[in-house]
Structure formats: C-alpha cells, structure tokens
C-alpha cells in the first residue's frame with residue numbers, strides 16, 4: 001500500500017528538520033513553480049546554464065483532461081536573479097512528445113530538441129531555437145521522414161551552430177546506427193550523416209564542442225565506447241577511436257572538454273562483477289590517457305554523471321550498491337586539473353530501491369553540485385542535492401522537493417560563477433497532477449581581494465609533450481599506479497612515474513616504463529619495450545621483440561620469435577624463448593638463460609651466469625668470473 005500524500009508531507013517535514021542549514025549569505029532558495037499542472041505522465045525536465053548566469057529549463061507537460069499522449073514541450077528562462085520569465089510553448093501541436101534536451105551557446109542563444117512519436121515505429125527529433133530575449137525560432141524537424149530516433153545528444157558552438165546526434169533504430173532486434181546533423185544558427189539544416197555501420201547496435205551517445213569548434217561524438221557500439229571528431233563545419237574527420245577494451249561491455253558514456261581541448265570520458269563497465277565506473281582523457285591531437293577506476297571496486301557502481309570545467313577539473317556522481325544487497329547510495333568524486341583523483345565521498349543517505357538518477361554540474365572553481373532522487377520505500381521519493389570539490393564535501397545533503405509518490409527525475413545546471421539550478425517534476429498535494437519546479441543555489445560572495453604582495457614570478461612554460469625513445473607518445477600514464485592498455489593499432493606508450501602495468505595490443509608498439517617498478521608486456525608484433533629506473537618485468541609477445549631493462553634489477557622474458565633481451569645496469573635475470581635470441585647482461589651480476597634455439601648470450605664486466613639452453617649456443621662472459629653452461633665459446 002502506498003503512503004498518502006499527507007503522510008508523505010509529514011515525512012518531508014521530519015527529513016527537512018534533519019537537513020543541513022546553509023549560512024544566511026549562501027544556500028538553496030525556496031522552490032518556484034515553472035509550469036502549470038499537468039497529468040501524471042509529464043516526463044523528465046532538462047536545464048542548461050547561460051554565460052550571463054541565467055538558466056533555460058524545458059519539460060514535457062501532459063495536458064489536463066486530454067489523452068495521456070497529448071503533451072506539449074514548454075520552457076522558461078530563469079534570469080541571474082532567480083526570476084522566471086514568460087512561459088514558452090515550443091511544440092506547434094500537442095502530441096506524444098518526450099525527452100526534451102536543452103543546450104545554451106556562449107552567445108546566450110539556446111536550442112531545445114525533443115522526440116515526437118509520429119506513427120507506430122516512427123519517432124522524429126524536433127527542435128526550436130530560443131533567443132536570450134525569449135524570442136522563438138521556427139520549429140525544425142531534424143530527422144528525415146520514417147526514422148525511429150531513440151536517444152539524442154546536443155551541443156552548440158561559439159557561433160551558435162548546433163550539432164544534434166541520435167541513434168536510428170533499424171529493426172526490432174536492436175540494430176541501430178548513429179546519425180548526426182548540423183543546425184546552423186543562420187540557414188537551413190545541414191546534411192544528415194551516418195557515422196556507424198547499418199548492422200551496428202548504437203545505444204547511447206554524447207557530444208561536446210572543443211575550442212577549435214570541432215564536435216566530438218562518443219557512443220556505445222555493441223557495448224564498446226568509440227569516438228570520432230567532426231570538423232568545425234560538420235564533416236567527419238578520419239579515424240574512429242576505441243575508448244574501451246574490446247572485451248568490456250560499457251554503458252552510460254559521459255563527456256566534457258576543457259579550455260585546452262582535452263576531453264574526459266566516463267562510463268560504467270557492466271560486463272563483469274563488480275560494476276565499476278572508469279574515466280580516461282582524449283587530447284586534442286588524439287592522445288589517449290590511461291583508463292582509471294573512479295568508483296570502489298567492491299560495490300556495483302552504475303549511472304555515472306560527469307561534468308568538466310575549463311581548467312580540466314572534473315566531478316562525477318554515481319550510485320553504489322553492495323553486491324547482492326540494498327540499499328543504494330549516491331557517491332561523488334572530484335578530479336584535479338592535472339588528473340589526480342580526489343577522495344570518494346558519500347553524498348546521500350540510503351535509498352530503499354530503484355534508480356537514483358544522479359546528475360552533476362561544476363563551476364569555474366571546481367565546485368560540483370550533484371542532485372538525485374532518493375526513494376523512501378520503493379514507491380515514493382524526493383530530490384536531494386549536495387556540493388563538493390577536491391577539498392571534500394561542502395555540507396551535507398539538502399532536501400529540495402516535497403516527498404511524493406511520483407518520482408521527480410531531477411536535472412541540474414551550474415554557471416561558471418557558482419549558482420546552480422535544479423529542476424524536477426513535483427506531484428501536487430492532491431496526488432492528481434504534476435508541475436515542474438526549480439530551486440536555485442546561490443553561493444557566498446567572493447572574499448575581498450588581498451592587499452598587493454610581492455611580484456608574482458612568470459608562470460612556467462608548459463613542458464613538451466611526453467616522448468618515448470624520441471617518438472611522441474600516443475598514450476600517456478597519469479604518474480600514479482596506472483593500468484594502461486594499448487589499442488589494436490601501433491602505439492607509443494609512456495608510463496611516466498609510478499608502478500605501472502602496461503599491455504600493448506597492436507603490432508610494433510614502442511613502450512617506455514619510466515620510473516617505478518613496472519610490468520610491461522608487448523603482446524603482438526615486433527615491439528620495443530624499455531624499462532626505466534625501477535625493478536621491471538618485461539615480456540615479449542609473438543613478434544621479434546627488443547626488450548631493454550635499463551636501470552634496476554629486471555626480469556626479461558622472450559617468447560616465440562628471435563628476441564633481443566638487454567638487462568641494463570642492474571642485476572638482471574633474462575630468459576629467452578623459442579627463437580634464436582640475443583641476450584646481454586651489461587652492468588650487473590646477471591643470470592642469463594637462452595631457450596630452445598641457437599642463442600647468443602653476452603655477460604658484462606661482473607660475475608655472470610650464462611646458460612645457453614638446448615641449442616647450439618654462443619656465449620661470451622665478459623670481464624668477471626663467469627659460469628658458462630651449455631655454451632660454445
């Protein structure tokens with residue numbers, strides 16, 4: 001039996017008494033109504049922030065007393081003082097319209113897109129521009145006639161040109177391709193482009209604009225995340241980038257780009273337990289950062305939401321469930337501009353069940369605002385919000401809405417200066433309708449400037465891009481303990497500092513471990529693998545590999561082909577494989593072993609042990625007191 005609306009209101013009063021109090025100069029304002037009352041099938045709202053500190057919110061509203069499929073899409077501007085503007089009706093005619101999505105450009109103009117069910121198995125994407133003054137443009141039908149558009153994504157560049165993406169379902173068994181269309185600020189819509197094969201299965205996508213005004217699209221194809229850039233004029237640029245390993249099944253892609261053009265992607269790996277949230281970067285030149293886990297590895301973490309600011313600082317929110325148990329909670333994590341991970345923070349109290357749908361935004365100081373729906377008993381819930389940064393939580397969770405039987409599905413947007421707006425669907429006290437509401441967070445005013453101090457030295461020049469043995473790295477580690485997996489193409493991988501685990505995939509990789517105790521495997525092709533200052537473990541693969549331990553006490557292992565193994569300056573252990581190997585110890589007291597074939601083994605200036613193995617082997621000890629076994633001089 002569901003609780004009554006009156007009972008839920010009483011629960012809300014109790015919960016509100018326990019919510020954290022904000023200082024008088026900052027905090028959450030009282031909710032305001034954005035829409036008239038609609039039927040209980042309203043749908044989810046969307047909100048975006050404008051550069052002047054205002055917000056645009058849009059939502060579908062089911063018209064009272066009409067069939068539940070008779071909806072309109074409405075919108076309102078909320079100005080920088082929190083005052084709502086006139087109610088705007090965006091749809092030309094009522095119908096089965098769902099899933100509005102709002103984007104605001106740097107110039108203040110906005111675009112709203114939504115889906116409309118036109119006929120059985122026909123779903124269109126429609127759009128309408130809204131000026132900063134509230135003036136409406138003409139309605140736009142984005143998709144060609146007869147398509148079945150499901151998920152959508154939207155972004156606007158500096159000139160006001162919009163990029164709209166959607167997956168077009170081709171049959172009833174799940175085949176869908178990714179399509180994209182450019183909507184210029186002035187002029188007719190551009191050509192519809194298909195970016196993926198017709199026999200694919202595109203399910204989710206995200207789009208963002210880089211500083212060069214190039215759209216970057218990320219999508220899931222058969223559970224693998226891929227990416228492709230478009231030019232500033234909307235043409236596809238060569239090369240589809242694999243973001244996740246082929247063996248993984250990933251979901252919920254998130255995307256943001258900083259002022260330097262570095263994109264950050266997030267997702268949940270759902271192909272094995274526990275489910276974990278991951279992130280990695282993609283530089284403007286295509287260099288991939290290491291894959292890093294953000295969520296705990298002992299819980300199931302799903303539904304990640306990502307926000308990135310101009311400095312590269314980022315914040316994520318996701319929901320966690322202990323394996324096989326309830327309750328669900330929302331957690332958050334911050335990422336510093338350099339890529340270092342901040343602490344994982346519990347943001348919510350326990351939820352009785354169902355999805356909490358966390359959403360997140362971030363301001364120019366790296367302070368994030370996360371919102372979610374918290375379920376009381378599986379049948380009712382309310383909206384909560386919390387703020388945090390890399391320095392930790394900024395107070396506890398705040399309840400924004402009244403408890404209701406219909407779950408509110410909130411969204412959030414944050415301006416660069418810090419104000420945030422949360423929108424949700426609020427059930428009426430009599431339980432018969434829903435209206436869209438919003439609450440605004442106003443941060444404390446900035447502290448007065450400090451008195452003048454000593455001259456500030458000039459900022460250091462940016463360091464050159466990392467290189468590995470003279471070649472520019474295409475994949476760069478984070479400087480922490482990272483797991484790095486290459487791509488099917490030839491990679492140049494730089495592990496940087498830290499104890500890294502690196503695995504090449506393509507043919508002919510060049511891999512540098514750098515400082516730290518690294519474990520590096522070349523895998524396929526003729527790879528060159530260089531250790532570093534630590535005690536490294538280097539392994540070849542199926543090709544003719546060149547392994548060089550460099551400094552430290554290293555373990556080197558060949559494989560099937562004729563490999564070159566060079567221990568370096570420490571006390572090393574090298575073991576050849578099936579091929580005709582060339583093995584050298586160099587500086588330390590080394591333990592060198594050939595394999596099954598005819599090997600050449602060379603010691604160094606110290607006391608070495610050389611064992612040729614089964615073949616007709618050539619051994620040379622060097623300057624120390626050496627032991628030679630199964631060797632000819």
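Kindly indicate whether any position in the stretch 547-554 is in a loop (DSSP other than H, G, I, E, B), over 27 Å from residue 490 (Cβ atoms) and modelled with pLDDT of 85 or more. Looking for residues that are in a loop (DSSP other than H, G, I, E, B), over 27 Å from residue 490 (Cβ atoms) and modelled with pLDDT of 85 or more, one finds at least one in the stretch 547-554, hence yes.
Quick grid of which residues meet (1) within 27 Å of residue 533 (Cβ to Cβ); (2) touching a residue at least 60 places away in the same chain (Cβ under 8 Å); (3) surrounded by fewer than 17 Cβ atoms within 10 Å (Cβ to Cβ):
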residue	(1), (2), (3)
577	yes, no, no
599	no, no, no
609	yes, no, no
614	no, no, yes
622	yes, no, no
626	yes, no, no
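The residues listed here are 417, 393, 404, 413; of these, the one that is at pLDDT 90 or above, over 17 Å from residue 347 (Cα atoms) and surrounded by fewer than 19 Cβ atoms within 10 Å (Cβ to Cβ) is 417. A single entry from 553, 519, 537, 544 fulfils the requirement of being under 22 Å from residue 247 (Cα atoms) and either in contact with a strand residue (DSSP E or B) (Cβ under 8 Å, 6 or more places away or on another chain) or surrounded by fewer than 20 Cβ atoms within 10 Å (Cβ to Cβ) (or both): 519.
To keep it simple, each residue is scored yes or no on (1) free of Cβ contacts under 8 Å to residues at least 40 places away in the same chain; (2) farther than 23 Å from residue 272 by Cα; (3) in contact with a helix residue (DSSP H, G or I) (Cβ under 6 Å, 6 or more places away or on another chain).
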site: 290; (1), (2), (3): no, no, no
site: 298; (1), (2), (3): yes, no, no
site: 315; (1), (2), (3): no, yes, no
site: 324; (1), (2), (3): yes, no, no
site: 334; (1), (2), (3): no, yes, no
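Determine if the stretch 263-278 includes at least one residue that is part of a loop (DSSP other than H, G, I, E, B), modelled with pLDDT of 95 or more and out of contact with any helix residue (DSSP H, G or I) (no Cβ under 8 Å at 6 or more places or on another chain). No - not one qualifying residue is present in the stretch 263-278. Of everything in the stretch 214-238 that is part of a loop (DSSP other than H, G, I, E, B) and under 20 Å from the mean Cα position of the chain (by Cα), the residue that is surrounded by the fewest Cβ atoms within 10 Å (Cβ to Cβ) is 222. Kindly establish whether residue 364 is under 22 Å from the mean Cα position of the chain (by Cα) and buried (at least 18 other Cβ atoms within 10 Å of the Cβ). No; evaluated as a whole, the condition is false for this residue. Could we say that residue 558 is crowded, with 21+ Cβ neighbours inside 10 Å, modelled with pLDDT under 85 and under 23 Å from residue 482 (Cα atoms) here? Here the answer is no, as residue 558 does not meet what is asked. Of the listed requirements (1) touching a strand residue (DSSP E or B) at 6+ places or on another chain (Cβ under 7 Å); (2) closer than 15 Å to residue 529 by Cα; (3) outside any strand (DSSP E or B), residue 502 misses just one: (3). The residues in the stretch 190-213 that are within 20 Å of residue 142 (Cβ to Cβ) and either modelled with pLDDT under 95 or surrounded by 15 or more Cβ atoms within 10 Å (Cβ to Cβ) (or both) can be counted, and the count is 14.
Any residue at all in the stretch 185-195 that is without any contact (Cβ under 8 Å) to a residue 40 or more places away in the chain and under 20 Å from residue 250 (Cα atoms)? Looking for residues that are without any contact (Cβ under 8 Å) to a residue 40 or more places away in the chain and under 20 Å from residue 250 (Cα atoms), one finds none in the stretch 185-195, hence no.
Going through the stretch 249-284 one residue at a time, which ones are free of Cβ contacts under 8 Å to residues at least 40 places away in the same chain, closer than 19 Å to residue 239 by Cβ and either crowded, with 23+ Cβ neighbours inside 10 Å or more than 9 Å from the chain's Cα centre (by Cα) (or both)? Of everything in the stretch 249-284, just one residue is free of Cβ contacts under 8 Å to residues at least 40 places away in the same chain, closer than 19 Å to residue 239 by Cβ and either crowded, with 23+ Cβ neighbours inside 10 Å or more than 9 Å from the chain's Cα centre (by Cα) (or both), namely 283. Taking each residue of the stretch 94-119 that is on the phi > 0 side of the Ramachandran plot and part of a loop (DSSP other than H, G, I, E, B) and looking for partners that are at pLDDT 95 or above and surrounded by fewer than 24 Cβ atoms within 10 Å (Cβ to Cβ) with beta-carbon atoms closer than 7 Å, six or more apart or interchain, yields 108/50; 108/51; 108/52. All told, residue 65 falls short of being farther than 27 Å from residue 108 by Cβ and buried (at least 23 other Cβ atoms within 10 Å of the Cβ). Only residues that are in a loop (DSSP other than H, G, I, E, B), closer than 26 Å to residue 223 by Cβ and in contact with a strand residue (DSSP E or B) (Cβ under 6 Å, 6 or more places away or on another chain) were counted across the stretch 176-209, and they come to 5. Within the stretch 285-301, the residues that satisfy the criterion of being in a strand (DSSP E or B) and under 15 Å from the mean Cα position of the chain (by Cα) are 288, 289, 291, 292, 293, 301. Scanning the stretch 157-189 for residues that are over 13 Å from residue 147 (Cα atoms), more than 22 Å from the chain's Cα centre (by Cα) and buried (at least 18 other Cβ atoms within 10 Å of the Cβ) returns 160, 161, 181, 182, 183.
The values are calculated or read from the model by the stated rules, or taken from the named source; none is laboratory data. These numbers were taken from a predicted model, which means no experiment stands behind them. Using ideal geometry, Cβ is built from the backbone for each residue, glycine included, and neighbour counts are taken over all protein chains shown.
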